[in-house]
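The structure appears right after this line, and notes come after that.
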Amino acid sequence: MPDSYSSLLGGNLPKLAETHPHWGRLYGASLSLAIAELTRKRRGLVLLLTPDSHTADTLEHEIRFFLAQKGDQLLHLPDWETLPYDLFSPHEDIISSRLEILHRLPSLKSGLLILPVSTLLQRLAPIDYIQGTGFDLKTGDLMDLPEFRRQLESAGYHAVTQVISHGEFALRGSLVDVFPMGATLPFRVDLFDDEIESIRSFDPETQKSIEKLNAINLLPAHEFPLDAEGIKAFLCVLEEKQMS
């Protein structure tokens, strides 16, 4: 950030939870610039609450510009963009983004987290579910295909003939295609007998390989379990609430 901006906040940085400094006359993108400077100077994670998703999206783009090389320190946990009684689920890309951020949050020591108020009001999955339900794949590992399929289905992934969207997988002979939540591209796992010989990312439209990788992490496909045990637990809680 240029030196001419270094005194934008002056000494007006909050140090304790009890302090409530106020910023005024920040027009245009100057608010985003001030937040970016605060993120740089502040030790620990900064939480930014916005009144709605549109404001969160706007601030995210502007702050990412001002953070430049440190843009990876900016996280935006999006709203589900569904109403309580909608008959459809949130889009797979939204779920993917949320799961990727929820997976990173426990180990995050600094940076900026943007939250619309509507997102703050939603319950989050327990940390042990997000961290414990996923699993890793590495070249050289042994893979039992029937067991791997069971793991994927238990984590909420759907079997398809061609992988295009997050949360899908396809088994074709010695090839396993999977599009993990939190990933920008799907991956193709090539087996030699029962050993993982190679892992490559690929373009879901052209199906052409892009980059060779040594390991990948697969997050659960949902923020809550949809296996038989999870559904049974949900029905038990629902029945208790109806009786109370």
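Taking every DSSP beta bridge with both residues inside the stretch 58-177, roughly what % is antiparallel (nearest 5)?
Working: 3 of 8 bridges.
Looking only at bridges with both residues in the stretch 58-177, the antiparallel portion is about 40 percent.
For the pair F88 and I210, what calculated FRET efficiency results from E = 1/(1 + (r/R0)^6), where r is the Cβ-Cβ distance and R0 = 25 Å, to the nearest 0.05?
Calculated transfer efficiency: 0.20.
Taking the Cβ of D227 as the center, what net charge do the other residues with Cβ under 12 Å away carry, scoring Lys and Arg +1 and Asp and Glu -1?
On the way: positive: R150, K232; negative: E153, E229.
Around D227, the surrounding residues sum to 0.
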Considering the Cα positions of the chain, please state its Rg to one decimal place and its Dmax as a whole number of Å. 21.5, 66
Would you calculate the separation in nanometres between label points at Q162 and K41, each defined as 7 Å from the Cα along the Cα-to-beta-carbon direction? 5.4 nm
To two decimal places, what compactness ratio does the stretch 41-181 give when its Cα radius of gyration is scaled by 2.2 N^0.38 Å? 1.23
Would you grab the residues whose amide H sits under 5 Å from the one on H158? Only those 5+ places off in sequence or on another chain, please, with H modelled 1.01 Å from N. E168, F169
Restricting to the chain, what percent of DSSP beta bridges are antiparallel, rounded to 5? 70 percent
Amide H of H76 versus every other amide H placed in the peptide plane: which residues, excluding those fewer than 5 positions away on the same chain, fall under 5 Å? I114
Zone of T139's modelled label, taken as backbone nitrogen in the stretch 152-189 under 14 Å from a point 7 Å along Cα→Cβ: 188-189
With just the Cα atoms of the stretch 96-156, tell me how far they stretch along each of the three principal axes, in Å, largest first. 43, 23, 18
Working note, the stretch 134-218: Cα radius of gyration (Å, one decimal) and Dmax (Å, whole number) are 11.4, 29
Label-point separation in nm, D52 to D194, each point 7 Å along Cα→Cβ: 5.6 nm
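For the chain, what is the relative contact order in percent, using Cα pairs closer than 8 Å and at least 6 residues apart in sequence? Before the final figure, lay out each step's value.
Working: 368 pairs, mean separation 40.3, N = 244.
With pairs under 8 Å counted, the relative contact order is 17 percent.
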Within the chain, which is the longest segment that contains none of the trypsin sites (Lys or Arg not before Pro) sitting in a DSSP loop with at most 13 other Cβ atoms within 10 Å? 124-207
If you filter the stretch 77-157 for chymotrypsin sites (Phe, Trp or Tyr not before Pro), then keep DSSP loop positions with at most 12 other Cβ within 10 Å, what is left? Y85, F88
For a quick check of your reading of the filter: which GluC sites (Glu not before Pro) in the stretch 18-104 sit in a DSSP loop and have no more than 10 other Cβ atoms within 10 Å? E18
When the dipole is taken about the Cα centre of the chain, and only Lys, Arg (+1) and Asp, Glu (-1) are charged at their Cβ, what size is it in debye, to the nearest 20? 1200 debye
Dividing the helical contributions, -39500 (n - 2.57) per DSSP H run of n ≥ 4, by the residues of the chain yields a 222 nm value, nearest 500 deg cm²/dmol, of -9500 deg cm²/dmol
Residue by residue through the stretch 199-208, the couplings from Karplus 6.51 cos²θ - 1.76 cosθ + 1.60 with θ = phi - 60°, in Hz, x for Gly and Pro, are 10, 9, 7, 8, 7, x, 7, 8, 6, 8
Write down the Å³ per residue value for the convex hull defined by the alpha carbon atoms of the stretch 61-129. 109 Å³
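Bear in mind these aren't lab numbers, they're just calculated from the coordinates by the rules spelled out. Since the structure is predicted, the reported quantities are computational estimates derived from the model, not experimental observations. Positions of Cβ are backbone-derived with ideal geometry, glycine not excepted, and every protein chain shown enters the neighbour counts.
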